[in-house]
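Have a look at the structure below before the remarks.
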Amino acid sequence: EKIEFTTEQQALMRVITDAYNKHQIPQDVTKKLLQDQYSTEENFLLLTEMATSQVQVLVEFTKNIPGFLSLDREDQIALLKGSAVEAMFLRSAQALNKKMPIGHTEVLEERIHKSGISEEFIKPMFNFYKSIGELHMVLEEQALLTTITILTPDRPYVKDQPAVERLQENVLDLLRKMCVLHHPQEPQYFARLLGRLTELRTLSHYHAEMLASWKVNNHKFTPLLCEIWDVQ
Ligand SMILES: CC(C)c1onc(-c2c(Cl)cccc2Cl)c1COc1ccc2c(ccn2Cc2cccc(C(=O)O)c2)c1
């Protein structure tokens, strides 16, 4: 069917894609992937640094989502805290599936495997990475899916859910059209993408247990991660 984008949708697409492209993990952080040692401790510290950098990238990206800064301030915080892990699973999936320079991916996978995460969480995590890779999302779809995750109205402590719903609906409609445009042979592609959001929620529950097991082994997180994940 012929896909038409309204002028508002074209503007929304450009703003979100530009924001998604603009904010990257600094090179010095990703460069360390290849240099530092391989002990469990070193791997954990490197991943902690990447997670911290990723949260900063995420906050900057979120501020560029049209309408986000007009939401109630406390709701903005609730949306960020509620979606940070899911957005980082999406971002790490995209990084592992393509974005990383050659050789970084294997190193990064290796470091995740050897960072003190128990096997029961590694399996679903890498299944998710594989399922994201199989979708071959274009960049716009990645940016929109991340935005939809952030604009999830039913996060804990969100007061004005309808306001968040209205923003999310605009992005959902735009993603639906982008999917028809980029995957014309797969009418179910949009539904498959949204199915990944369900998998993200499951991973987010696993992640809470990962944090608890790291804490038990007295692993330290940065102040920013402690704040966004309510640990320590
Ligand atoms: C605190 C730390 C040990 C941790 O706790 N849970 C997770 C955790 C884990 Cl272990 C998996 C998924 C999500 C989280 Cl929060 C992590 C490690 O977090 C990350 C965060 C981002 C990650 C990674 C791996 C890749 N990326 C994204 C990435 C890497 C390099 C370049 C770019 C880019 O955009 O240019 C993006 C790990």
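Bear in mind that the values in this text are calculations on the coordinates, not laboratory data. Only a predicted model underlies this, so the values are computations on that prediction, with no experimental measurement involved. When we count neighbours, we look across all protein chains shown, and the Cβ atoms used for this are built from the backbone with ideal geometry, even at glycine.
Okay, residues lined up against (1) within 14 Å of the ligand (Cβ to nearest atom); (2) within 15 Å of the chain's Cα centre (by Cα); (3) not acidic (Asp, Glu):
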residue	(1), (2), (3)
Met125	yes, yes, yes
Ile132	yes, yes, yes
Asp173	no, no, no
His182	no, no, yes
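Given the structure, is Val15 out of contact with any Gly (no Cβ under 8 Å at 6 or more places or on another chain) and surrounded by fewer than 16 Cβ atoms within 10 Å (Cβ to Cβ)?
In short, yes.
Looking at Ile117, Ile132, Ile112, which one is of a type in the set (Val, Ile, Thr) and buried (at least 22 other Cβ atoms within 10 Å of the Cβ)? Spell out how you get there, then give the answer.
On the way: Ile117 fails: buried (at least 22 other Cβ atoms within 10 Å of the Cβ); Ile112 fails: buried (at least 22 other Cβ atoms within 10 Å of the Cβ).
Testing whether each residue is of a type in the set (Val, Ile, Thr) and buried (at least 22 other Cβ atoms within 10 Å of the Cβ) leaves just Ile132.
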Can you give me the number of residues within segment 136-183 that are charged (D, E, K, R) and in contact with a Phe, Trp or Tyr (Cβ under 7 Å, 6 or more places away or on another chain)? 2
For segment 99-123 the number of residues that are within 27 Å of Met178 (Cβ to Cβ) and either in contact (Cβ under 8 Å) with a residue 24 or more places away in the chain or more than 12 Å from the ligand (Cβ to nearest atom) (or both) is 2
Residues that are of a type in the set (Val, Ile, Thr) and within 26 Å of Gln54 (Cα to Cα), drawn from segment 1-21: Val15, Ile16, Thr17
Only one of these is within 12 Å of the ligand (Cβ to nearest atom), in contact (Cβ under 8 Å) with a residue 24 or more places away in the chain and among the hydrophobic types (A, V, I, L, M, F, W, C): Phe68, Phe89. Name it. Phe89
Going through segment 75-110 in order, the residues found to be of a type in the set (D, E, K, R) and closer than 21 Å to Ser204 by Cβ are Asp75, Lys81, Glu86, Arg91, Glu109
Spans of helices (runs of 4 or more DSSP H) in segment 153-232 with at least 3 residues basic (Lys, Arg): 161-182, 189-216
Can you tell me how many residues in segment 26-46 are under 22 Å from Ile150 (Cβ atoms) and touching a residue at least 40 places away in the same chain (Cβ under 8 Å)? 0
Return yes or no: is Thr7 within 15 Å of the ligand (Cβ to nearest atom) and of a type in the set (Val, Ile, Thr)? no
